[in-house]
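> Pasting a structure below so you can have a look.
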Amino acid sequence: MIKNLRYFTLLIFVGLTLFACNDNETDPFNVINDNNEPAIPAETDNVNMLLGNPSGATKSTTTADNFFMEKTQYVLSYNESKGTANWISWHLNDEWIGSTSRQDDFRQDSNLPSGFYRVGDNDYSNTGFNRGHACPSADRTATVADNSSTFLMTNIIPQAPNHNQGIWADMENYCRKLVESEGKELYIVMGVEGQGGIGDNGAADAIAGGKIIVPANIWKIVVVLDKGSNDLSRIDASTRIIAVNIPNQQTLNSSWGDYRVSVDSLETLLGYDFLSEVSESIQSSIESGVDNGATN
Ligand code: MN
Ligand code: MN
């Protein structure tokens, strides 16, 4: 009888513990680490995810395809089945930009859980796809550590060379121009969608023996603010939002502006909630429009 009572108590304890863990994981900001402690506070102070956690990524390895990783320089949701991030989010103002040279130290991310396949530099060799940066090298040049962080393979996606070096680079350059010449600061989130791109060697669904999925499309959302403080509270119905969704292919239109879409359309496509830290009423006005501002 006493034995049974102990067993019963243990069952209750396990049940409550599981319930508590599950409760944590359903709150996108109450991210837990392996010690079951909050990895980031409910009101995170990591500026790179000020606007939210679009997919509700967590630090639980049970969500290996929506696994949250936080770095000083950017935050991301990793997808172990894809061998790339789902999305990567970062802040860009003139304080992130300095004179550090490109470190070019592509390498495995040793912060991935031990059970995850760690994509290496060689996994992209002779595939017909570039090691495309999510958070660009040139957006992180204040220190060597900042720049080096962008060469972790968790910040890299298989990108058609012309996409990477052409249309996508043009958009990245335009974003830095806003910051360096037009007094802006930006909140940027980008990611992958679908499967199957067209690289230098033709069409491919995956590389590295299937360990890395080639995305069909690469999207980006940019929130443009005048440089200032209390950024979240300054986002209103007139804030410029630039969103694009560009096929991962060698042959594309000349201007990234031709691929502008609404945030709402990306939310529908991906099942994410972008700008979730912004009030619902402001979200509904800024997420429905398609940007038609300058592109260079
Ligand atoms: Mn690039
Ligand atoms: Mn939203």
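> All but one of (1) over 25 Å from ILE167 (Cβ atoms); (2) within 16 Å of ligand 1 (Cβ to nearest atom) hold for PRO113, so report the exception by its number.
Of (1) over 25 Å from ILE167 (Cβ atoms); (2) within 16 Å of ligand 1 (Cβ to nearest atom), only one is false for PRO113: (2).
> Let me ask something else. Would you be able to say whether some residue in segment 256-278 is acidic (Asp, Glu), at pLDDT below 95 and more than 28 Å from GLY197 (Cβ to Cβ)?
yes
> Condition test on ILE88, is it surrounded by fewer than 22 Cβ atoms within 10 Å (Cβ to Cβ), among the aliphatic types (A, V, I, L, M) and either in contact with a Cys (Cβ under 9 Å, 6 or more places away or on another chain) or more than 24 Å from GLU193 (Cα to Cα) (or both)?
It is false that ILE88 is surrounded by fewer than 22 Cβ atoms within 10 Å (Cβ to Cβ), among the aliphatic types (A, V, I, L, M) and either in contact with a Cys (Cβ under 9 Å, 6 or more places away or on another chain) or more than 24 Å from GLU193 (Cα to Cα) (or both).
> Further, regarding this structure: Does at least one position in segment 127-135 carry a residue that is on the phi < 0 side of the Ramachandran plot, assigned to a helix (DSSP H, G or I) and either within 15 Å of ligand 1 (Cβ to nearest atom) or small (Gly, Ala, Ser) (or both)?
no
> Which of the residues belonging to segment 87-104 are in a helix (DSSP H, G or I) and either more than 19 Å from VAL189 (Cβ to Cβ) or of a type in the set (S, T, N, Q) (or both)?
ASP94, GLU95
> Just need a number here: residues in segment 228-263 that are over 14 Å from ILE188 (Cα atoms) and of a type in the set (Asp, Glu).
2
> Can you pull out the strands (runs of 3 or more DSSP E) entirely within segment 146-246 that have at least 2 residues that are of a type outside the set (A, V, I, L, M)?
In segment 146-246, the matching strands (runs of 3 or more DSSP E) lie at 156-159, 184-193, 197-199, 217-226.
> Select from segment 223-253 the residues that are over 26 Å from LEU269 (Cβ atoms) and out of contact with any helix residue (DSSP H, G or I) (no Cβ under 9 Å at 6 or more places or on another chain) and list them in ascending order.
Listed by number, the residues that qualify are SER229, ASN230, SER233, ARG234.
> Just name the residue that is surrounded by the fewest Cβ atoms within 10 Å (Cβ to Cβ) out of those in segment 91-134 that are of a type in the set (A, V, I, L, M, F, W, C) and closer than 15 Å to GLY210 by Cα.
PHE116
> When the residues of segment 246-296 are filtered to those that are surrounded by 19 or more Cβ atoms within 10 Å (Cβ to Cβ) and of a type in the set (S, T, N, Q), which remaining residue is farthest from ligand 2 (Cβ to nearest atom)?
ASN248
> Within the set of pairs 6+ apart or on separate chains, which have a first residue in segment 190-214 that is among the acidic types (Asp, Glu), a second that is in a strand (DSSP E or B) and buried (at least 16 other Cβ atoms within 10 Å of the Cβ), and C-beta atoms under 9 Å apart?
So the pair list comes out as GLU193/ASN217; GLU193/ILE218; GLU193/TRP219; GLU193/ASN245; ASP200/ASN130; ASP205/GLY197; ASP205/ILE213.
The values are calculated or read from the model by the stated rules, or taken from the named source; none is laboratory data. Since we're looking at a predicted model, the values are computed, not measured. In this analysis, Cβ positions are derived from the backbone assuming ideal geometry, glycine residues included, and neighbour counts consider all displayed protein chains.
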